[in-house]
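Visitor: I'd like to ask you about the structure that follows.
The values are calculated or read from the model by the stated rules, or taken from the named source; none is laboratory data. In this text, all values refer to a predicted model and were calculated from it rather than measured experimentally. Cβ atoms come from the backbone with ideal geometry, glycine included; neighbour counts cover every protein chain shown.
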Amino acid sequence: MTKDILAALAVFHLDNPEAPWADIKERLAFVALNALSQAHTDASLSAYESIYGDLQVNISLATASMGMSLNQHRGAAGAQRILEASLKRLRGDSKDLVDIVDNLEGIVGDGPAQSLRAAQEALHWDDLYPVYLKEKEGDVKQSTLDGYESNYKQISEALEVTGTTDLRKHTRADLVAMRDELLESRKASTVNNLITQFTTVMTWAVDNDYLTKAYTSKLKLNKDAESSRIPFERSQVETLLRHAETLPADSWERWGLSLLAVTGARAREITQLTTKDIPEIDGHTCVNIREEAEGQSVKNKYSVRVVPLVDGVLGFDLEGFKEALQGPKPALPVYHGVNNVQARKRLGVMIREILPNKSEHQTLHSLRHHMASSFKTTGVPVAFAQALLGHSTGTLAYDTYGGSSIPVGTLAEVLEGVFKAS
């Protein structure tokens with residue numbers, strides 16, 4: 001690489017591959033404005049024509065031969081347009097240079113990166129993070145990039161479930177909801193790692209003019225902190241279930257919402273069910289939460305459990321549910337072409353529609369918190385509550401031997417007693 005090429009890059013702050021787009025853009029703006037406003041004599045007209053021409057050549061050589069970051073290439077494209085416009089200004093045509101000064105965004109062409117910055121277009125996470133990864137190519141190992149992409153896809157799922165489709169319009173509440181969705185099936189430490197990676201990309205997006213603001217400050221959980229979600233009140237749960245009863249008898253949304261309320265299961269556990277997961281055990285219809293079929297997953301080994309369905313709990317119509325499972329399209333998402341993510345997103349939207357004044361910290365998972373709160377309020381023994389909710393007890397003997405030893409009939413009596421007492 002020659003000194004002339006390095007000098008040409010330095011003129012536009014393109015000699016540093018780590019330079020953020022904001023700094024490069026500021027320099028491009030300065031050069032463009034200076035080229036427009038500078039006075040010339042006959043001698044300097046000739047001199048600057050030569051200077052601009054040499055810069056064009058050296059920027060072209062750098063673009064063709066160097067390993068440059070995405071920001072450097074964007075800056076080089078902008079520099080070439082500024083130089084071409086500056087040459088026209090020397091010949092008496094300043095229109096292109098005026099346009100560039102008035103709207104610097106126009107200097108980098110119509111490539112993918114530019115389209116992401118168009119204010120009129122929504123910016124989805126799935127469009128943003130690949131651009132970030134592309135810029136990191138060459139700086140980190142491919143295995144590291146693959147790990148980032150895997151984590152970014154988990155974030156993408158959480159954003160989709162919570163309905164955050166346009167990051168340009170995101171709010172703090174949207175990101176809290178994303179965090180809560182991630183917490184549903186992950187440890188707090190894992191969620192914090194994902195949030196760290198999410199924050200890095202969002203900060204980069206702000207620095208590079210894809211976003212004007214990222215509400216990621218203090219989003220991570222404190223050590224051993226619980227989710228910020230709060231339980232639904234009993235009246236809210238009853239409102240949700242009254243609405244569910246107005247839906248068609250074969251509607252998966254009707255029974256999905258109902259099952260979340262009467263089992264206290266995680267949303268993922270309910271929306272992945274098949275008819276094989278609704279067995280009869282010891283005379284009780286149950287929900288068998290497991291990961292047998294493709295696409296099914298549970299949080300950990302303690303999540304594998306059987307929860308009895310008790311007729312009348314919160315108005316639950318057991319016979320109506322069993323009837324809805326008959327026929328070619330049982331009333332479960334999988335039989336209606338709806339995957340786990342789509343189902344959770346739809347149920348989350350329903351809750352927002354039914355309870356427009358709910359707290360921003362109340363989500364699908366708040367139905368699970370309502371069940372846990374009901375157990376605590378009515379004095380349900382910890383072992384029973386943990387067996388129904390799929391929690392670890394923190395006691396090795398019980399976790400190893402006791403989790404599956406509580407009869408289904410006993411668990412059904414516990415559920416019936418909780419809601420009779422309330």
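Residues are listed down the side, and each one gets a yes or a no for (1) farther than 29 Å from Leu159 by Cβ; (2) buried (at least 17 other Cβ atoms within 10 Å of the Cβ); (3) modelled with pLDDT under 95:
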residue: Glu253; (1), (2), (3): no, yes, no
residue: Leu257; (1), (2), (3): no, yes, no
residue: Thr263; (1), (2), (3): no, yes, no
residue: Gln272; (1), (2), (3): no, yes, yes
residue: Glu291; (1), (2), (3): no, no, yes
residue: Gly295; (1), (2), (3): no, no, yes
residue: Val298; (1), (2), (3): no, yes, yes
residue: Phe321; (1), (2), (3): yes, yes, no
residue: Ile351; (1), (2), (3): no, yes, yes
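Visitor: Checking the condition within 29 Å of Ile406 (Cα to Cα), surrounded by fewer than 20 Cβ atoms within 10 Å (Cβ to Cβ) and not aliphatic (A, V, I, L, M), which residue from Gly337, Gly327, Gly312 passes?
Guide: Details: Gly337 fails: within 29 Å of Ile406 (Cα to Cα); Gly327 fails: within 29 Å of Ile406 (Cα to Cα).
After ruling out the rest, the residue left standing is Gly312.
One line per residue, one yes/no per condition, for (1) of a type in the set (S, T, N, Q); (2) buried (at least 16 other Cβ atoms within 10 Å of the Cβ); (3) modelled with pLDDT under 90:
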residue	(1), (2), (3)
Val176	no, yes, yes
Asp180	no, yes, yes
Ser189	yes, no, yes
Ala225	no, no, yes
